[in-house]
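S.K.: My questions all concern the structure below.
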Amino acid sequence: MLSNILKHFSSTVRHYRFASTSSCYTTKFSYRQYLVSDLSNANLIDTSVSVYGWLQHRRKKLFGVLRDHSGLIQFILPISMKEQRTILEKTPFESCIHVKGILKKRPERDINTDMTLGHLEIHVTDYKVINACLPELPVNITKYHESHEITRLKYRYLDFRRDVMQERIRFRSSFIAKVREFLLKHSFVDIETPSLFRRTPGGAREFIVPTHLNEGGLFYALAQSPQQFKQLLMVGGFDRYFQIAKCFRDETGRPDRQPEFTQIDLELSFVSRENIFSLVEQLVVACWPEKLEKVSFPRLTFAEAMSRYGTDKPDTRFGLEIEHSSEQLSITSPIPINNANDLIDGDNDIKYDANNRKFLLNKTNNEQECLIKMGKFRLNLADVLEKHYGIELRKRRQWNFLWIIDFPLFTPMEDDRTKFESTHHPFTAPINEHVSLLSSKKDWPHITGQHYDLVLNGFEVAGGSIRIYDSSIQRFVLNDVLQLPIEHLEHLLQALEYGAPPHGGIALGLDRLLALVLETEHIRDVIAFPKTGNGKDLMAQAPSLVEQSELDYYFLQINRKHS
């Protein structure tokens with residue numbers, strides 16, 4: 001399946017890379033004469049060509065296959081080149097080589113239909129080994145699934161030589177180029193913001209960075225996102241900002257997350273939610289590898305999404321919606337389910353009514369918890385219907401986008417329902433009609449925020465909000481509602497007092513978006529140098545221990561008794 005996906009995209013990727021170029025540009029700033037793909041030019045037949053790449057295959061001291069990132073070409077050494085034929089025989093696979101010779105058409109009987117250039121070959125006049133590879137390879141370059149992922153991550157530089165990885169990383173580059181092209185055309189300014197910042201209250205766990213300043217005791221924090229910086233840019237008059245931003249969050253242990261990830265970060269002044277939606281929809285359509293002319297971007301409120309799907313990021317490629325009665329929630333299967341007990345094993349609360357093909361859950365006082373439980377069951381039922389009954393619910397290359405709107409601005413804390421946390425983040429503005437409700441604590445759970453998420457096929461791919469631009473309201477939300485230490489944010493609160501414009505923005509998760517487009521199993525598969533699920537770099541063996549002498553510079557000492 002993976003190879004089919006990449007075949008589907010190969011023409012798109014090459015179009016992005018080579019559009020409006022010729023061989024003089026694909027090899028410009030290099031002493032290469034041609035890439036393998038350039039040899040498809042009919043004008044090169046019966047001329048001398050020179051290519052560099054890696055030895056993928058050889059046989060009978062006579063034939064070899066050279067590979068570069070653009071393709072494969074067979075070369076043949078004449079019998080007269082005895083010394084070089086001996087060298088070829090001893091050349092380990094994956095050695096870096098140079099082949100020069102005359103490009104010829106293969107005889108009809110020798111055409112290899114499995115190769116794009118299987119009708120051509122190079123009759124060698126010069127063969128050189130630039131740098132020999134070790135004879136034993138830790139990963140199988142030609143067979144993707146025959147090497148364990150741990151091994152491939154450890155030898156990522158060899159993993160890159162696979163066609164599948166070349167296509168993924170090059171597609172990522174071309175996708176980002178399309179994003180930049182679109183945004184720059186619409187007068188956005190690409191501005192880099194710092195990675196070293198200070199701790200931000202109320203967000204995800206941050207990585208802290210020690211400094212020698214002030215003789216120790218002071219720490220930076222790696223920025224979770226450019227959130228505060230982009231708001232400050234709006235205060236400063238940069239009314240259309242974007243950045244392909246690197247973000248850092250210490251989320252070790254969460255499935256399919258990375259401690260550092262990339263987002264397409266956007267912020268605008270004098271903007272409404274409708275303006276943001278229009279921008280993102282047009283950006284996605286402009287950058288998508290397939291035409292999305294008929295794709296719609298419907299909207300659901302948070303309450304509707306939870307009521308119908310039991311989640312705020314529903315996969316709407318299929319139905320199986322939650323049905324409501326006065327005492328129960330239910331989901332109806334399109335067909336009778338055999339061995340339904342296996343499906344609901346471990347969850348005694350859900351019962352199966354075989355006569356009506358319904359899975360039932362009795363409501364409790366915590367309706368939200370019941371909806372979430374049914375939302376998870378909905379996905380399990382979809383898996384069973386697809387895997388065991390052959391019912392196609394989630395079609396490949398089907399893109400179901402969905403805006404989720406009207407989230408509650410605040411969410412009561414689990415351990416103390418009298419205290420609140422931000423549903424999104426503490427800089428999100430309430431809808432205009434609910435600003436007055438801030439004055440009464442009993443109304444806080446009922447305030448709707450101007451927060452919005454973009455969901456694609458059951459995954460959140462973007463999130464943003466219209467921001468609070470009034471310093472007094474922002475201070476009240478931080479101090480009175482969320483009870484956060486505002487000394488960490490005095491710089492932002494002060495900036496809002498200097499005529500800050502209304503503003504809002506959004507961030508698209510680039511890694512997640514690309515993983516969905518390329519239909520990969522993990523976001524690791526679209527990141528050049530990812531970490532494992534527990535945050536380790538297997539190639540460089542990071543993170544690593546440091547000597548106490550290095551810690552002394554920062555006036556630090558490790559206490560390993562901490563639990």
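The values are calculated or read from the model by the stated rules, or taken from the named source; none is laboratory data. Since this is a predicted model, take the numbers as computed values, not measurements. With ideal geometry, Cβ positions are generated from the backbone for all residues, glycine too; neighbour counts draw on all protein chains shown. Just so you know, the surface numbers come from the protein's heavy atoms only, side chains and all, with ligands and any DNA or RNA stripped out. Shrake-Rupley method; radii C 1.70, N 1.55, O 1.52, S 1.80 Å.
S.K.: Go ahead and estimate [θ] at 222 nm for the chain from helices alone: -39,500 (n - 2.57) per DSSP H run with n ≥ 4, summed, over the residue count, rounded to 500. Show your work: numbers first, answer last.
M.R.: Values: 15 runs with 149 residues, N = 563.
It comes out at -7500 deg cm²/dmol, rounded to the nearest 500.
S.K.: Across every pair of different alpha-carbon atoms, what Kirkwood hydrodynamic radius in Å does the chain reach?
M.R.: On the way: mean 1/r = 0.0360 Å⁻¹.
Evaluated over the chain, this radius sits at 27.8 Å.
S.K.: Counting Lys and Arg as +1 and Asp and Glu as -1, what is the net charge of the other residues whose Cβ lies under 15 Å from the Cβ of R308?
M.R.: Details: positive: R299, K313, R317, K373, K376, R378; negative: E304, D312, D315, E321, E323, E367, D406.
Net charge around R308: -1.
S.K.: At what distance in angstrom do the alpha carbon centres of the range 444-465 and the range 29-53 lie from each other?
M.R.: Between the Cα centres of the range 444-465 and the range 29-53 lies a distance of 51 Å.
S.K.: What is the Rg over Rh value, at two decimals, for the range 345-458, using alpha-carbon atoms and the Kirkwood definition of Rh? Display every interim value, and only then the final one.
M.R.: Working: Rg = 18.9 Å, Rh = 17.6 Å.
When Rh is taken as the Kirkwood radius, the ratio is 1.08.
S.K.: Tell me which DSSP H helices of the chain clear both cut-offs, 27 Å or more of axial length from alpha-carbon atoms and a mean Kyte-Doolittle hydropathy of at least -0.5. Write down the numbers at each step before the final one.
M.R.: Details: long enough: 163-185 (33 Å, -0.19); 367-389 (31 Å, -0.40).
Once both thresholds are applied, what remains is 163-185, 367-389.
S.K.: Any idea of M81's accessible area? Nearest 10 Å², probe 1.4 Å.
M.R.: Counting only protein heavy atoms, M81 exposes about 30 Å² to solvent.
S.K.: Taking 0.36 nm per residue of sequence separation and subtracting the Cα-Cα distance, how much length would be gained by fully extending the chain between L545 and I391, in nm to one decimal?
M.R.: Working: separation 154, 0.36 × 154 = 55.44 nm, distance 5.14 nm.
Here the answer is 50.3 nm.
S.K.: Given a Förster distance of 41 angstrom, what is the FRET efficiency for T125 paired with E290, based on the Cβ-Cβ distance and rounded to 0.05?
M.R.: Numbers: r = 44 Å, r/R0 = 1.07.
The calculated FRET efficiency here is 0.40.
S.K.: Whenever you get a sec, line up I169, I150 from highest to lowest accessible area (probe 1.4 Å, protein heavy atoms). Don't jump to the answer; show the numbers that get you there.
M.R.: Details: I169 50, I150 100 Å².
Correct descending sequence by accessible area is I150, I169.
S.K.: Moving to a separate point now. For I558, I244, give the ranking by accessible area with the largest first, probe 1.4 Å. Let's see the in-between values first.
M.R.: Working: I558 95, I244 40 Å².
Greatest to least solvent exposure: I558, I244.
S.K.: Per residue, how much accessible area does the chain show when a 1.4 Å probe rolls over the protein heavy atoms, in square angstrom?
M.R.: Dividing the accessible area of the chain by its residue count gives 53 Å².
S.K.: Could you pull out every one of the lysines with an alpha carbon less than 16 Å from that of K351, ignoring same-chain neighbours closer than 8 positions?
M.R.: K363, K373, K376
S.K.: List the GluC sites (Glu not before Pro) in the range 233-280 that DSSP assigns to loop (not H, G, I, E or B) and whose Cβ has at most 12 other Cβ atoms within 10 Å. Which are they?
M.R.: In loop regions of the range 233-280 (DSSP not H, G, I, E or B), there are no sparsely surrounded GluC sites (Glu not before Pro).
S.K.: Let me ask something else about it. Accessible surface of E487 in the full protein assembly, 1.4 angstrom probe, to the nearest 10 Å²?
M.R.: Ignoring ligands and nucleic acids, E487 comes out at about 110 Å².
S.K.: Using a 1.4 Å probe, how large is the accessible area of F555, given in Å² and rounded to the nearest 10?
M.R.: About 110 Å², ignoring ligands and nucleic acids.
S.K.: Quick one: with all protein chains in place, what share of the accessible area of the chain is carbon or sulfur, to the nearest percent (1.4 Å probe)? Don't skip to the end; give the middle numbers.
M.R.: Details: 14800 of 29760 Å².
Ligands and nucleic acids excluded, carbon and sulfur reach 50 percent.
S.K.: Need the full-extension length gain, Y553 to Q494, defined as separation in residues times 0.36 nm minus the C-alpha distance. One decimal, nm. Please list the in-between numbers first.
M.R.: Working: separation 59, 0.36 × 59 = 21.24 nm, distance 3.45 nm.
Value of the extension gain: 17.8 nm.
S.K.: What translational diffusion coefficient, in µm²/s and rounded to a whole number, does the Stokes-Einstein relation yield for the range 27-131 at 25 °C and a viscosity of 0.890 mPa s, taking the hydrodynamic radius as the Kirkwood radius over Cα pairs? Walk me through the numbers before you get to the answer.
M.R.: Values: Rh = 13.6 Å.
In µm²/s, the coefficient is 180.
S.K.: List the residues whose amide H sits under 5 Å from the amide H of A429, counting only those 5 or more places along or on another chain, with H placed 1.01 Å from N in the peptide plane.
M.R.: Amide H neighbours of A429, under 5 Å, 5+ apart: Q450, I466, R467, I468.
S.K.: Here's something else I'd like to know. Mind giving me the nanometre distance, one decimal, between the label points for A42 and M413, set 7 Å out from Cα along Cα→Cβ?
M.R.: 7.4
S.K.: So what is the relative contact order for the range 318-394, in percent, with contacts set as C-alpha pairs under 8 Å and at least six apart?
M.R.: After rounding, I find 30 percent.
S.K.: Of R257, R417, which has the most accessible area and how do the rest follow, probe 1.4 Å? Write out the running numbers ahead of the final one.
M.R.: Values: R257 90, R417 145 Å².
Ranking R257, R417 by accessible area, largest first, yields R417, R257.
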